[in-house]
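The block underneath contains the structure these notes are about, expressed in structure tokens.
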Amino acid sequence: MKRSLASFFNSPALVALVSLVIAGCVAYATRDDGAEANARAYAALASRAENVVADPTGAHLTVGFTGSGRVESVKAIVGATVRTGDVLATLDPGSTAGALTQANAAYVAARANYDKVLNGATGPAIDAAKATVHSAEVALAETKRTESLLVSQAYTALLNVTPEAYPKDIQDLDQVAPTISGSYTKGVEGDIVVTTFASGAESGLSMRLSGLASGTAVVSFVTPQPLGDTGLSILFPEGARAGKTWVISVPNAKASAYTTKLAAYEAAKQTERETVASAEAALAEAESNLAVVAAKARPEDVAAAQAAVDNARGALLIAESAADSRVLKAPIDGTVSAVYVQEGETISADAPAFELTRTTTEQ
């Protein structure tokens, strides 16, 4: 059945090479460390039901690539919170990169021929209209780049809003919390869970990391110790005890500046949408004006040149779609409950890659 599903969603013209969302099967929730949960998911994968069926509640989804290939990167771990559109994993681009380059070159050549046809009409007027179109294209590209950067910076600021450690158990509220420092760099939301245990370290304690970070490290009362690869560090106070669990949430919704940072992020996204839409409208108007000015050219020549541009643009969109299909993105807001892929392995088109648990909106 999985083969038939993959065949159903693959277009013969490769137009619809987008990330396949394999219907979610009922998830068996785990509360292990990310690395242990991934290993268990790998071991369980072989014994999963032959047909991946939808969860009738819609709370769980199993997602995978529509194409096969070597996994180049895995961007999300068990326990990570993801938003719709966040990159979960990528495949080696393979020949799609070359095909995209060729399609782009063909499109550029078609546009150049179209411009050549238009140049046979009225020189100065055509040149002015073309210059306006070019300026609008440049402005649109720059607007997209600038606004995307501003949104990214606002999101980073939100993720880094005053990271703090809070005790997992309410009875530990009287404990002096460790100090969190550094800048969070992983770019995904979730929790870093730190549990202390007795060890032979100089401080007498070590810590176990789970959630957004994994592994073990010594506890220090003098020097901040890295929290895995998150960019954050932790410094415990004198008198810290074993058997205590601390949670560092990213972002820290309890921070006084959280509401301000969240509002700034949402405002940046809204500004991006409005600014890009305005730049796109300006380009459309410039292109429309150019078409009017170019009406003096032979209609059949313009039509043929325009058809060639449209054909090349279609081929470019197909190539872009093929390249995009090598990137698996989250189809919903939720939490990664299982990861079935590893970097460097070869995965088939119908293989599950991640399980997601949908974020509930109920209060």
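Points to keep in mind about this one:
- Segment 197-281: chymotrypsin sites (Phe, Trp or Tyr not before Pro) falling in loop per DSSP and having at most 15 other Cβ within 10 Å: PHE221
- Once both labels are positioned 7 Å from their Cα atoms along Cα-to-Cβ, the gap between ARG70 and ARG145 label points is 3.2 nm.
- Heavy-atom surface analysis with a 1.4 Å probe gives segment 245-363 a carbon and sulfur content of 53 percent of its accessible area.
- Reachable lysines from LYS244, criterion Cα separation under 28 angstrom, eight or more residues apart if same chain: LYS168, LYS186, LYS254
- Segment 213-270 and segment 134-178: distance between their alpha carbon centers, rounded to Å: 14 Å
- Accessible area per residue in Å² at 1.4 Å probe, computed on segment 109-215: 51 Å²
- Within-15-Å neighbourhood charge of GLU142 [Cβ basis; K, R +1; D, E -1]: -2
The values are calculated or read from the model by the stated rules, or taken from the named source; none is laboratory data. Computed from a predicted model, the values in this text were never measured in an experiment. Note that we place each Cβ from the backbone using ideal geometry, even for glycine, and neighbour counts take in every protein chain shown. With ligands, DNA and RNA removed, areas are computed over all heavy atoms of the protein, side chains included. Shrake-Rupley method; radii C 1.70, N 1.55, O 1.52, S 1.80 Å.
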